[in-house]
1. Could you check, for the range 27-42, whether at least one of its residues is open to solvent by 10 Å² or more (accessible area, probe 1.4 Å), more than 12 Å from the chain's Cα centre (by Cα) and farther than 20 Å from Lys105 by Cα?
2. Give me a count of the residues in the range 16-25 that are within 17 Å of Val167 (Cα to Cα) and either surrounded by fewer than 17 Cβ atoms within 10 Å (Cβ to Cβ) or of a type outside the set (A, V, I, L, M) (or both).
3. What's the number of the condition Phe92 fails, among (1) modelled with pLDDT of 90 or more; (2) in contact with a strand residue (DSSP E or B) (Cβ under 7 Å, 6 or more places away or on another chain); (3) more than 16 Å from Phe71 (Cβ to Cβ)?
Amino acid sequence: MLNMRNISLRGENILLHPNQNYIVIDALYLDSIRDGIDKIDLKNLITELREKVFPYTTTPFAEYTFIEKIFRYRYIRKFDYRKYPKHDRSVFSTDTSLLAFVNKKILNDFVPLFDFGELVDTGIEYINFPFWDSIITKFDFQDIGLISGQGINLGLEFESSGVYQIVI
């Protein structure tokens with residue numbers, strides 16, 4: 001069932017729809033989108049999110065159209081923020097190191113259902129699987145995925161909080 005959940009907790013790959021646009025965002029930041037969605041013009045969703053929901057950071061999330069069906073954990077690379085070109089939408093920041101990959105076409109329907117505290121505050125496991133399952137069953141499982149950073153000193157670039165870039 002773990003594959004159908006589309007979650008990577010140990011460096012596994014996840015599945016995404018090829019040639020569709022996703023946002024890659026710290027899962028905690030989805031709560032900010034949920035809380036601010038009524039203040040934005042949905043016709044200009046991405047611009048409005050950057051300007052109205054995340055006005056104080058230039059890298060709240062990445063936008064990416066994946067060519068391959070399989071998103072490999074190794075595609076997430078450390079990024080030197082001092083070299084950030086503002087037009088590069090493959091760069092994002094994370095505080096929790098739990099990344100959500102959300103197909104842009106379902107974002108408006110997905111965020112009202114999502115609650116970061118409910119997802120991670122289980123006291124038993126890192127992910128509250130019943131809560132996650134209750135959300136993903138409403139969508140195609142390849143429309144949403146989670147990847148967790150693996151911590152420092154394990155030889156993987158995506159370790160924990162920081163600024164990263166999708167590099168394929």
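The values are calculated or read from the model by the stated rules, or taken from the named source; none is laboratory data. Given the structure is predicted, the values throughout are model-derived calculations rather than measurements. Glycine also receives a Cβ, built like all others from the backbone with ideal geometry; neighbour counts cover every protein chain displayed. SASA here: full protein model, heavy atoms, side chains in, ligands and nucleic acids out. Shrake-Rupley method; radii C 1.70, N 1.55, O 1.52, S 1.80 Å.
1. No.
2. Qualifying residue count, the range 16-25: 5.
3. (3)
Let's see how each residue does on (1) acidic (Asp, Glu); (2) in contact (Cβ under 8 Å) with a residue 40 or more places away in the chain; (3) under 18 Å from Phe158 (Cβ atoms); (4) out of contact with any Lys or Arg (no Cβ under 9 Å at 6 or more places or on another chain):
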site: Glu12; (1), (2), (3), (4): yes, yes, yes, yes
site: Asn19; (1), (2), (3), (4): no, yes, no, yes
site: Arg34; (1), (2), (3), (4): no, yes, no, yes
site: Phe54; (1), (2), (3), (4): no, no, no, yes
site: Arg72; (1), (2), (3), (4): no, yes, yes, yes
site: Arg77; (1), (2), (3), (4): no, yes, yes, yes
